[in-house]
Structure formats: C-alpha cells, structure tokens
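Working notes, beginning with the structure itself.
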Amino acid sequence: MSARLLVAGVGNIFLADDAFGPEVIRALDRDPLPPEVRVRDFGIRGMDLAYELLDGYDTAVLVDAAVRGHEPGTLSLIEPEPPDGSTAGAPPEAHGMDPAKVLALAAHLGDEPLPRVLVLACEPELRAPADEDIAPGISATVREAVGRAVAALHTLVPVLLADPAATPSLSRPDESAALSPAGLPGTVSGGAEDR
C-alpha cells in the first residue's frame, strides 16, 4: 500500500506572486500527479486545510510563495518544525492562510499526530503594497517558476509515496534555475527551520 499524500496549493490569487500555489495546482491539471495523490487548491481557506491535514495523510506538501531572502523565482523545500501541542492559551487563528498558523490550528483541532509537512516555496518578486487589497497577476519570474515547481513535484512525489520519511538530496536555492541531480530545483538546508 502506498503512502497517503496531499499536495495543497495555498495563496491569494488577488495578491500578485502570492498566487504561486494556486497557479501550480492549476498547472497540475494539465500535467497530473499519480492518481493516489490528493491535489487541491486551498487558496486562503486555512480552516479547510487544517481539517484536511487531519484526514490521515502520511505527508502533505504545501505549495506557497514565501519570502526567504533569495532571488525571485527561487524554489525552496522547507520542512517546518511541527507545532508544539503543549502550548496553553487561546486556540490558534482560524482564518487566513499563514501555513504556520494553519498547522497550529490543525494540531489544536485533532487528537492524532499531523502528517509530515513539507513546503515547496517560491521566492516572490511582486508583493501587493500594504495599502492595497488587490494586486492581480503574477510576475514573469514566478510564472516561470510554476513549471519548475510542477517538475519538482513530479520528482518529489514518487519518492514520498515510496517512503514518507524520505527527502531527496537537494541543491542550494541559488542553483534553482536547473534541476539538481535529485531532480528538485533549489532548497534551503541547515537548521531546523530550513530542513
């Protein structure tokens, strides 16, 4: 039996390069992943994603735009620290799509452990100004990264289906323009937040 795997696009299609995750999911409609993988665009519906994470997956790959300090269009593979379920206090935020807050919400809502979560992130070039609610359209740089992200998922997903604990050897973020020997463009390596 193969592992249960979720690939989830997250981001706001009305906020420039934040639309990266939904754009990758849309591109996967034309170049689908294996049928045993659940592929879904969650947009900015954090509560929906939190509940989906509680549905017995072994691994979840979130596809999102994230400022990491790299060149725009750089793809990074990040394994965030799981939320600490022992923290007392108010429940985590139920609205919005900050992946860390969504993971905390899922941990708060469920009794079972969360799946292993990886984030396939793209460094944005265009971000909506703070005083604007809408900035449609992604940059050419991030649009080009959509195709590389689809190729990366086609390499990463079979590895995770075979072994949910595996992580392919990946290249540095500034080498993301070409596929690394493991087939995945760019990653961040190092400390706990960069795994």
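Residues that are part of a loop (DSSP other than H, G, I, E, B), more than 22 Å from R38 (Cβ to Cβ) and either of a type in the set (A, V, I, L, M, F, W, C) or modelled with pLDDT of 80 or more (or both): does segment 142-165 have at least one? Before the answer, list the steps.
First, the residues of segment 142-165 that are part of a loop (DSSP other than H, G, I, E, B): 163-165.
Then drop every residue that is not more than 22 Å from R38 (Cβ to Cβ), which leaves none.
Looking through segment 142-165, none of the residues is part of a loop (DSSP other than H, G, I, E, B), more than 22 Å from R38 (Cβ to Cβ) and either of a type in the set (A, V, I, L, M, F, W, C) or modelled with pLDDT of 80 or more (or both).
Which of the following residues is at pLDDT 90 or above and in a helix (DSSP H, G or I): A60, A8, A19?
Values: A60 fails: in a helix (DSSP H, G or I); A8 fails: in a helix (DSSP H, G or I).
One residue alone meets the criteria, A19.
Quick one: how many residues across segment 69-118 are open to solvent by less than 30 Å² (accessible area, probe 1.4 Å), modelled with pLDDT of 80 or more and part of a loop (DSSP other than H, G, I, E, B)?
Of the residues in segment 69-118, 3 are open to solvent by less than 30 Å² (accessible area, probe 1.4 Å), modelled with pLDDT of 80 or more and part of a loop (DSSP other than H, G, I, E, B).
Could you tell me how many of the residues in segment 34-55 are open to solvent by 20 Å² or more (accessible area, probe 1.4 Å) and out of contact with any Ser or Thr (no Cβ under 8 Å at 6 or more places or on another chain)? Can you show your working first?
Initial filter on segment 34-55 (open to solvent by 20 Å² or more (accessible area, probe 1.4 Å)): 34-36, 38-41, 44-45, 47-48, 51-52, 54-55.
Still in the list and also out of contact with any Ser or Thr (no Cβ under 8 Å at 6 or more places or on another chain): 34-35, 38-41, 44-45, 47-48, 51-52, 54-55.
Total satisfying the criteria: 14.
State whether the residues of segment 11-22 include one that is open to solvent by less than 10 Å² (accessible area, probe 1.4 Å), of a type in the set (S, T, N, Q) and in contact with a helix residue (DSSP H, G or I) (Cβ under 9 Å, 6 or more places away or on another chain).
Checking segment 11-22: not a single residue is open to solvent by less than 10 Å² (accessible area, probe 1.4 Å), of a type in the set (S, T, N, Q) and in contact with a helix residue (DSSP H, G or I) (Cβ under 9 Å, 6 or more places away or on another chain).
The values are calculated or read from the model by the stated rules, or taken from the named source; none is laboratory data. Given the structure is predicted, the values throughout are model-derived calculations rather than measurements. Positions of Cβ are backbone-derived with ideal geometry, glycine not excepted, and every protein chain shown enters the neighbour counts. Only protein heavy atoms, including side chains, enter the accessible area calculation; ligands, DNA and RNA are left aside. Shrake-Rupley method; radii C 1.70, N 1.55, O 1.52, S 1.80 Å.
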